[in-house]
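Accompanying notes for the structure given below.
The values are calculated or read from the model by the stated rules, or taken from the named source; none is laboratory data. None of the values given here were measured: they were computed from a predicted structure. Virtual Cβ from ideal backbone geometry, glycine too; neighbours counted across all protein chains shown.
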């Protein structure tokens with residue numbers, strides 16, 4: 001019996017750390033959203049949640065978040081799959097190319113946002129410099145000062161920084177595909193595209209689901225990239241839910257309202273994660 005409990009003792013410090021770091025803020029956010037914690041007169045109320053449906057800034061931020069996540073996650077899957085296929089080929093210095101491909105993901109999102117903000121700067125930015133030197137533009141473009149261009153610039157920057165996450169998952173899936181399946185397809189006279197369509201894609205189905213769900217959760221809670229590039233501006237054009245919750249909580253000190261946004265986002269992400277959880281449980285059984 002003593003041996004049976006040794007494993008629990010080993011994971012106990014990590015469990016307690018997660019409970020303090022993640023559990024307490026989560027419970028506190030729920031209580032704050034119902035006006036039950038850190039207020040002078042605690043009283044259960046749904047006022048914060050009812051106000052969300054009538055707040056145009058929240059609805060705009062919600063639509064921005066949905067568009068941002070759809071575009072960025074789709075680009076991550078496409079770019080990640082393409083790079084994973086290239087890195088799975090037998091080439092010289094494969095380890096070096098893999099290191100180069102994963103470098104964007106090693107950069108913190110805040111630092112990445114500052115780098116891209118400087119690149120898109122109106123005067124000293126390298127993007128405008130290239131456009132002016134090649135004659136593609138007659139004058140500098142204010143990339144981060146125009147709503148449509150700013151949102152596109154943020155999505156482009158995050159597509160570059162975050163694609164290695166999906167690439168690593170898909171690359172692991174590619175390496176787990178038995179070589180015998182490709183050899184059998186070659187004996188049947190399949191072309192390269194047919195081998196990709198009938199061998200690679202079916203074997204990567206579970207990896208696609210894992211990459212889709214985890215990357216969606218990751219990008220839905222993104223903060224540093226948008227905050228360091230545009231701060232949510234110009235206007236509300238690049239403001240997403242995490243940034244709006246931060247402003248309500250730490251700038252306007254509207255604790256209950258900011259916490260309700262965080263709870264809504266966490267609830268949506270929980271339901272998004274259900275397919276991944278069901279698939280993991282089935283594999284364990």
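Looking across 83, 78, one residue alone is in a helix (DSSP H, G or I) and in contact with a helix residue (DSSP H, G or I) (Cβ under 8 Å, 6 or more places away or on another chain). It is 83.
Got at least one residue in segment 141-161 being over 27 Å from the mean Cα position of the chain (by Cα), free of Cβ contacts under 8 Å to residues at least 40 places away in the same chain and in the same structural domain as residue 89 (by TED's automatic domain parsing)? Scanning segment 141-161, I find at least one residue that is over 27 Å from the mean Cα position of the chain (by Cα), free of Cβ contacts under 8 Å to residues at least 40 places away in the same chain and in the same structural domain as residue 89 (by TED's automatic domain parsing), so the answer is yes. Taken over segment 176-213, the criterion of being exposed (fewer than 12 other Cβ atoms within 10 Å of the Cβ) and under 24 Å from the mean Cα position of the chain (by Cα) is satisfied by 205 alone.
So how many residues does segment 217-226 have that are crowded, with 19+ Cβ neighbours inside 10 Å and in a helix (DSSP H, G or I)? Write out each step before concluding.
Start the filter on segment 217-226 by keeping residues that are crowded, with 19+ Cβ neighbours inside 10 Å, which leaves 219-220, 222, 225-226.
Those still in the list that are in a helix (DSSP H, G or I) too: 219-220, 225-226.
Looking only at that region, the number is 4.
So which residues in segment 20-59 are assigned to a helix (DSSP H, G or I) and more than 21 Å from residue 264 (Cα to Cα), if there are any at all? Scanning segment 20-59 gives a single hit, 20.
The set of residues in segment 109-159 being part of a helix (DSSP H, G or I) and within 19 Å of residue 235 (Cα to Cα) consists of 113, 117, 147, 148, 149, 150, 151, 152, 153, 154, 155.
Considering segment 122-141, the residues that are buried (at least 16 other Cβ atoms within 10 Å of the Cβ) and in contact with a helix residue (DSSP H, G or I) (Cβ under 8 Å, 6 or more places away or on another chain) include one that is nearest to residue 84 (Cα to Cα), namely 127. Has segment 57-71 got any residue that is more than 24 Å from the chain's Cα centre (by Cα) and either in contact (Cβ under 8 Å) with a residue 40 or more places away in the chain or more than 18 Å from residue 223 (Cα to Cα) (or both)? No, that holds for no residue.
Please tell me if residue 245 is buried (at least 17 other Cβ atoms within 10 Å of the Cβ), without any contact (Cβ under 8 Å) to a residue 40 or more places away in the chain and at negative phi.
Values: buried (at least 17 other Cβ atoms within 10 Å of the Cβ): yes; without any contact (Cβ under 8 Å) to a residue 40 or more places away in the chain: yes; at negative phi: yes.
Answer is yes for this residue.
Assess whether residue 280 counts as being closer than 25 Å to residue 107 by Cβ, out of contact with any strand residue (DSSP E or B) (no Cβ under 9 Å at 6 or more places or on another chain) and in the same structural domain as residue 158 (by TED's automatic domain parsing). It is false that residue 280 is closer than 25 Å to residue 107 by Cβ, out of contact with any strand residue (DSSP E or B) (no Cβ under 9 Å at 6 or more places or on another chain) and in the same structural domain as residue 158 (by TED's automatic domain parsing).
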